[in-house]
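Rule-based calculations on the coordinates, nothing more; no lab input. Keep in mind that what you see is a predicted model, and the values were worked out from it rather than measured. All Cβ positions, glycine included, derive from the backbone under ideal geometry; neighbour counts span all protein chains shown.
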Amino acid sequence: MRSTDEPVMGVPGSDGRFGRFGGRFVPETLVPACEQLDAAFTEAWADPAFRAELHALLRDYAGRPSILTDCTRLGAELGCRVLLKREDLNHTGSHKINNVLGQALLAKRMGKTRLVAETGAGQHGVATATAAALFGMECIVYMGEVDMARQALNVFRMRLLGAEVRPATTGSRTLKDAVNEAMRHWVAVVDSTHYCLGSVMGPHPYPFMVREFHRVIGDEAREQCRALLDGADPDVVVACVGGGSNAAGIFSGFAELPGVELVGAEPAGGAAVGHGIPGVVHGMLSYLMQDDVGQVQEAESISAGLDYPGVGPEHAHLADIGRARYEPVTDAEVLDAFELLARTEGIITALESAHAVAWVAREARGGELVGKVVLVNLSGRGDKDVAQVADLLGDRYVGG
């Protein structure tokens, strides 16, 4: 049982567990690499020089702090006050750059010369390719064949940045399979290569390390909200959840404030917390979508970045202890939210982030958020999704 004076989102134990979730379930060949990474991150994160170099990169290269937008027209339509944490305005267009700059800087400190990564919607791949170009490192990105087709723009961006993009052609040919291929690649080249994992998932220390690199989102948002709200905190903090990195980042700024509700918006076809049971995937124990005999089920989502059958282990723990709740959102609701935010605020968001907006719209119209202040982590911009949405909704705008 968690001690009442222990931080809700603190440091996991030496076994890398958040409550009963997490751990390190990897082949023996990868255990030394994980242990080396754990030791290197612990040392670097305690080094003021490393933290200062990362802070300077986030400020001068990524463009932090990201701003807070008060959505007055959207709020008037929904009957609540909606604030957006604008991670979509970061360099490369999403929150992913925070984690990638941290991991690339750590890889350089460890003497690694190559980065390998997985990507779903392509934003993590673009961010990794960007960091590799910045530091002069070789970069290989694995991406599901299906995702490469629906996110062709990001595939081109990665290649333009000098990365090699390799298709994952097995299974569902989406994010899960890209992770499989990236991990297989890492096993073979671990001496020279760092696996730049893109979410709060995988074997320890990745879930903790990635959350800490994204903690900047929550720390900034908490202080920005208090400056805007005369010292008060928002009533609800909402973020989309696939693996859950953007949500872990913003939740970390508010988890210790019991008056702030934390909500993760999951795709209805991939609601690992809502529909999953504990199981092991990609080196971690967490909630996982499985059939009756324990086979991993394929997740489905309109968003290439959220069709993952599991969830980061810290999110499983937060759900277990009742500190956060995770709600499914349908593809139809996501498309409506995509349009709603564009129409009311002039912001075209990523389909991933539109899940969080969709949850707010549904709850507000049901009367659950009347008069409340809701903070939404807008984790990415929607340039990459416009062609896909046009194929789905284009008839509505013909002649408009």
Can you tell me the length gained on complete extension of the stretch Ala149 to Ile277, counting 0.36 nm per residue apart and subtracting the Cα distance? 43.0 nm
Put a dot 7 Å past each Cα toward the Cβ at Gln36 and Arg109; how far apart are the dots in nm? 1.6
Of the stretch 145-167, those with amide N under 20 Å from the point 7 Å along the Cα→Cβ vector of Glu298 are 145-152, 167
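Would you kindly state how much longer the chain becomes between Phe25 and Asp235 on full extension, computed as 0.36 nm times their sequence separation minus their alpha carbon distance, in nm to one decimal?
Working: separation 210, 0.36 × 210 = 75.60 nm, distance 3.73 nm.
Working it through step by step, the gained length comes to 71.9 nm.
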Once label points are set 7 Å from the Cα along Cα→Cβ at both Asp383 and Ala76, what is their separation, rounded to one decimal in nm? 3.1
Fully extended, how many nm does the chain gain between Ala342 and Arg325 (0.36 nm per residue separation, minus their Cα-Cα distance)? 3.4 nm
Looking only at lysines whose Cα falls under 20 Å of Lys372's and that sit 8 or more positions away or on another chain, we get Lys85
Choice from His355, His95, His275 showing the highest fluctuation, given a GNM over the chain with Cα pairs closer than 10 Å: His275
Computed label-point distance, nm, for sites Ala227 and Arg396 using a 7 Å Cα→Cβ extension: 3.5
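With an 8 Å Cα cut-off and a minimum separation of 6 or more residues, compute the relative contact order for the stretch 17-88 in percent.
It rounds to 17 percent for the stretch 17-88.
Shape call for the stretch 287-400 from the C-alpha gyration tensor, a ≥ b ≥ c root eigenvalues: rounded (a/c under 1.5), prolate (a/b greater than b/c) or oblate?
Values: a/c = 2.29, a/b = 1.35, b/c = 1.70.
Oblate is the answer for the stretch 287-400, as a/c is 1.5 or above yet b/c matches or exceeds a/b.
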Report the paramagnetic label zone for Asp191: residues of the stretch 103-141 whose backbone N is under 17 Å from a point 7 Å from Cα along the Cα-to-Cβ axis. 110-115
Can you compute the equivalent ellipsoid semi-axes for the chain, i.e. the square root of 5 times each eigenvalue of the Cα gyration tensor, sorted largest first and rounded to whole Å? 29, 24, 22
